[in-house]
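Every number here is computed from the coordinates shown, using simple stated rules; none is lab data. Please read all numbers here as calculations on a predicted model, not as lab measurements. For neighbour counting, all protein chains shown are included, and Cβ atoms are generated from backbone atoms with ideal geometry for every residue, glycine included.
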Amino acid sequence: MLATLKVDAAQGLSDSEVEKRRAEYGTNELDKEEGTPLWKLVLAQFDDLLVKILLGAAVLSFVRCRRQRKRAALRRSSLLEPSWPPAPRACEGRSSCASRWRRRRRQSCCSGGC
């Protein structure tokens, strides 16, 4: 192999031989391929039908939420519905009823010989 390439195993190629072969064969490098741009890689993620369906559902949900918030804001500012926000006592009443029910249930269970 060394004889075919005309190379001395102890010294290698001389500088003039390196320049001559570099001019004849080119540098010892692979050609660089252009990579895919980042934006194309990101868009390729949305190429699946299921992803498109999920994105559509997310957009519809967002639009629906925005409309509901606008309607709620109109109701709050309207004089036709003075009961907004709900009275705190209504909420307290429900929670106290639930806590009384739980307390009675615990007492009836424990008094039965638990």
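Would you mind computing, in nm to one decimal, how far apart the modelled labels at Arg22 and Ala57 are, each placed 7 Å from Cα along Cα→Cβ?
Between Arg22 and Ala57, the simple spin-label model gives 6.1 nm.
Quick one: length gained pulling Phe46 to Glu29 fully straight, 0.36 nm per residue minus the C-alpha distance?
2.5 nm
If N is the number of residues in the range 1-66, what value comes out of its Cα radius of gyration divided by 2.2 N^0.38 Å?
Details: Rg = 28.6 Å, N = 66, 2.2 N^0.38 = 10.8 Å.
With N residues counted in the range 1-66, Rg over 2.2 N^0.38 Å equals 2.65.
DSSP loop (so not H, G, I, E, B), at most 13 other Cβ within 10 Å: list which GluC sites (Glu not before Pro) in the range 1-50 pass both filters. Mind showing how you got there, number by number?
Values: sites: Glu17, Glu19, Glu24, Glu29, Glu33, Glu34; in loops: Glu29, Glu33, Glu34.
Here the sparse-neighbourhood loop sites are Glu29, Glu33, Glu34.
Using the Karplus curve 6.51 cos²θ - 1.76 cosθ + 1.60 with θ = phi - 60°, work out ³J(HN,Hα) for each residue of the range 15-29 in order, rounded to whole Hz, and write x for Gly and Pro.
4, 5, 5, 4, 4, 5, 6, 5, 5, 7, 9, x, 6, 8, 9
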